[in-house]
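The values are calculated or read from the model by the stated rules, or taken from the named source; none is laboratory data. On a predicted model such as this, the values are computed, not experimentally measured, just so you know. Cβ atoms come from the backbone with ideal geometry, glycine included; neighbour counts cover every protein chain shown.
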Amino acid sequence: YVAKRARNEFAIYKPEFDTYNPDHLSLLRDLREAIRRGSITAAFQPKLDLRSGIIVGVEALARWHHPERGDIPPYEFIPILEQTGLIKPFTLQILEKAVDYCAQCRQRNMEFSVAVNLSMHNLRDDKLPEQISEIINRYDFDHRQLVLEITESAIMHDPEHSLGILGQLDEMGLKLSVDDFGTGYSSLTYLKRLPVSQLKIDRSFVKDLITDEDDAMIVRSTIELAHNLGLDTVAEGVEDEQTLEHLRALNCDMAQGFLISRPLSPDNFFRFLASSPWAARSKRPEPESG
Ligand code: C2E
Ligand code: MG
Ligand code: MG
Ligand code: MG
């Protein structure tokens with residue numbers, strides 16, 4: 001039901017989840033069970049600060065290992081969670097895993113921000129701010145280190161309502177980041193009114209930055225726009241050194257991508273930190289600015 005295509009590009013073709021399709025039905029049953037058991041895990045991918053050259057944050061990305069079918073990528077199961085309402089408990093589970101991991105890092109004297117992805121449905125849930133607050137209060141965790149990533153299209157789906165919830169999250173001191181920026185239809189008017197403090201430039205503009213002049217121009221303008229609005233920028237999908245250097249020259253604030261690291265399990269991430277040149281000075285950096 002999801003066309004085979006490059007990772008992370010599911011938004012183009014997203015058919016309705018069909019509960020009459022036996023295959024979908026069994027996947028839904030397994031998904032429900034996985035959530036009940038809390039067995040969907042979070043992988044962590046670092047964000048490199050381009051000025052200091054050290055890792056200042058991580059993004060939590062959901063990973064589902066199905067007992068028979070093997071690894072099922074987020075673009076296959078997140079839409080099902082969204083269409084069935086399971087996204088609400090799921091988001092809180094991933095958020096708790098992310099906060100727990102950050103608290104563990106903190107005990108090892110490594111302090112990072114952690115980003116969690118929210119879905120459109122989370123932004124329509126008036127209970128969300130209180131539920132988030134209840135979770136973070138249970139951990140030794142500085143709530144200013146929690147970043148919530150929200151796609152432009154999720155915000156624009158119901159901008160007035162989103163504005164209310166985002167306002168509450170902002171008042172709690174959480175940092176809001178616009179994910180996949182440039183792929184949706186966000187109006188600059190809303191961007192100005194929203195309490196967001198970060199734009200994540202979508203991988204589709206970053207991947208050919210070196211060879212494609214249009215992409216280079218879009219990335220440059222986005223960084224300028226962001227800085228003029230007082231926002232910082234993260235470039236997604238950085239896969240080579242040349243692109244990283246170009247982004248640094250364009251004054252991009254942070255980079256995330258396979259060049260720095262793939263998303264890693266908590267244990268592998270600890271190992272990565274012990275060996276990466278970018279983590280060599282990762283003891284207690286300043287929280288992400290903004
Ligand atoms: P996203 O939030 O834009 O996450 C970045 C995606 O790009 C991740 O894919 C990551 O593995 C991938 N990526 C990072 N660096 C590179 C790179 O250098 N090259 C390439 N080709 N890809 C790179 P992933 O983990 O498959 O997640 C895909 C999307 O699924 C995410 O896009 C996000 O929209 C959604 N997602 C993942 N976890 C969650 C979650 O816990 N909750 C929600 N609501 N959505 C999630
Ligand atoms: Mg994201
Ligand atoms: Mg993204
Ligand atoms: Mg993306």
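Per-structure values
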| item | result |
| --- | --- |
| Considering residues of the stretch 203-220 that are farther than 14 Å from R248 by Cα and assigned to a helix (DSSP H, G or I) only, the residue farthest from ligand 3 (Cβ to nearest atom) | E213 |
| Top-ranked residue of the stretch 149-182 - restricted to ones that are buried (at least 16 other Cβ atoms within 10 Å of the Cβ) and of a type in the set (S, T, N, Q), ranked as farthest from ligand 1 (Cβ to nearest atom) | Q168 |
| Members of the stretch 173-198 found to be within 15 Å of ligand 2 (Cβ to nearest atom) and charged (D, E, K, R), listed by number | K175, D179, D180 |
| Answer from Q83, Q104 - the residue that is surrounded by fewer than 18 Cβ atoms within 10 Å (Cβ to Cβ), modelled with pLDDT under 95 and more than 20 Å from E152 (Cα to Cα) | Q104 |
| Helices (runs of 4 or more DSSP H) wholly inside the stretch 107-201 that include at least 3 residues being more than 21 Å from Y75 (Cβ to Cβ) | 128-137, 159-171, 188-193 |
| Single residue of the stretch 225-253 satisfying the filter (within 23 Å of L61 (Cα to Cα) and crowded, with 24+ Cβ neighbours inside 10 Å) that is farthest from ligand 1 (Cβ to nearest atom) | D253 |
| When residues of the stretch 185-207 are limited to those that are crowded, with 18+ Cβ neighbours inside 10 Å and within 11 Å of ligand 4 (Cβ to nearest atom), the one nearest to the chain's Cα centre (by Cα) | K200 |
| Matching residues, the stretch 254-271, being surrounded by 15 or more Cβ atoms within 10 Å (Cβ to Cβ) and more than 17 Å from A115 (Cβ to Cβ) | L259, F270 |
| In the stretch 180-205, the residues that are charged (D, E, K, R), touching a strand residue (DSSP E or B) at 6+ places or on another chain (Cβ under 7 Å) and over 16 Å from H227 (Cα atoms) | D180, D202 |
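Residues checked against (1) at pLDDT below 95; (2) more than 13 Å from A42 (Cβ to Cβ); (3) of a type in the set (A, V, I, L, M, F, W, C):
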| site | (1), (2), (3) |
| --- | --- |
| T91 | no, no, no |
| E96 | no, no, no |
| V114 | no, no, yes |
| M120 | yes, yes, yes |
| P129 | no, yes, no |
| I132 | no, yes, yes |
| V147 | no, yes, yes |
| E152 | yes, yes, no |
